[in-house]
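Colleague: This is the structure, below, for whatever I ask next.
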Amino acid sequence: MKKFLSIILIILSAQLIGQNVNLSNGLIFDGEPYIAINPNNSNQIVVAWMGYEIGNRIQINTKSSNKGGLSWNTAVNIPHIVAGYTSADVSLAYDLNGTVYLSFIDFTGQNANPVEGAVYITNIY
């Protein structure tokens, strides 16, 4: 009986402890992650990060969950404003109506002379 109760306690405690989940599945580089949780519904979570896409430089990627992070939707790639640009410095925020806003920099890259680009904001969900 003690062994059975111990097994049940181990199983239940595993459900209460957060698990590491690889959301990006990147092969080369994924960095500067940002997470936002809907203040009106904690089951709605959005993450965004910078990811290297072959032939596409650094691109912003997002994933969302409507199940409190227990499962995640397929990643969405945010297109560059200008072909050949690279992206950086992603951030997210929910408004009081549950709309998610994404901000990021899309620019020519630090090695360009002159560096051109801008800070952009868009609603994504």
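The values are calculated or read from the model by the stated rules, or taken from the named source; none is laboratory data. Being a predicted model, the structure only gives us computed values, none of them experimental. Glycine also receives a Cβ, built like all others from the backbone with ideal geometry; neighbour counts cover every protein chain displayed. Keep in mind that these areas ignore ligands, DNA and RNA; they rest on the heavy atoms of the full protein, side chains included. Shrake-Rupley method; radii C 1.70, N 1.55, O 1.52, S 1.80 Å.
Colleague: Return a yes/no flag: does the stretch 106-119 have any residue that is under 23 Å from residue 27 (Cβ atoms) and of a type in the set (Asp, Glu).
Modeller: Yes, there is a match, as at least one residue in the stretch 106-119 is under 23 Å from residue 27 (Cβ atoms) and of a type in the set (Asp, Glu).
Colleague: Next question, about the same structure. Picking from 54, 58, 28, 17, which residue would you name as being farther than 22 Å from residue 99 by Cβ, at pLDDT 80 or above and open to solvent by 100 Å² or more (accessible area, probe 1.4 Å)?
Modeller: When all the criteria are applied, what remains is 28.
Colleague: May I pose another question? Out of (1) within 16 Å of the chain's Cα centre (by Cα); (2) modelled with pLDDT of 85 or more, the odd one out for residue 81 is which?
Modeller: Just one mismatch for residue 81, condition (1).
Colleague: Here's another thing I want to ask about it. Wholly within the stretch 85-125, which strands (runs of 3 or more DSSP E) include no fewer than the required count, namely at least 2 residues that are under 20 Å from the mean Cα position of the chain (by Cα) and among the small types (Gly, Ala, Ser)?
Modeller: On the way: elements: 86-94, 100-107, 117-123.
Those strands (runs of 3 or more DSSP E) span 86-94.
Colleague: Same structure again: Scan the stretch 61-82 for residues that are touching a strand residue (DSSP E or B) at 6+ places or on another chain (Cβ under 6 Å) and open to solvent by 40 Å² or more (accessible area, probe 1.4 Å) and report the count. Even if it seems obvious, please write down each step before you answer.
Modeller: If we filter the stretch 61-82 for residues that are touching a strand residue (DSSP E or B) at 6+ places or on another chain (Cβ under 6 Å), which is where we start, we get 61-65, 69, 72-73, 75-78, 80-81.
This time we only want the ones that are open to solvent by 40 Å² or more (accessible area, probe 1.4 Å), so: 72-73, 75-77, 81.
Matching residues across the stretch 61-82 total 6.
Colleague: If you check residue 44 against the conditions, is it more than 11 Å from the chain's Cα centre (by Cα), of a type outside the set (A, V, I, L, M) and under 13 Å from residue 124 (Cβ atoms)? It would help to see each step written out before you state the result.
Modeller: Working: more than 11 Å from the chain's Cα centre (by Cα): yes; of a type outside the set (A, V, I, L, M): yes; under 13 Å from residue 124 (Cβ atoms): yes.
In short, yes.
Colleague: Report yes if residue 85 is more than 17 Å from residue 123 (Cα to Cα), crowded, with 17+ Cβ neighbours inside 10 Å, among the hydroxyl-bearing types (Ser, Thr, Tyr) and touching a strand residue (DSSP E or B) at 6+ places or on another chain (Cβ under 6 Å), otherwise no. Quick ask: steps written out before the conclusion?
Modeller: Working: more than 17 Å from residue 123 (Cα to Cα): yes; crowded, with 17+ Cβ neighbours inside 10 Å: yes; among the hydroxyl-bearing types (Ser, Thr, Tyr): yes; touching a strand residue (DSSP E or B) at 6+ places or on another chain (Cβ under 6 Å): yes.
Judged against the criteria, residue 85 is a match.
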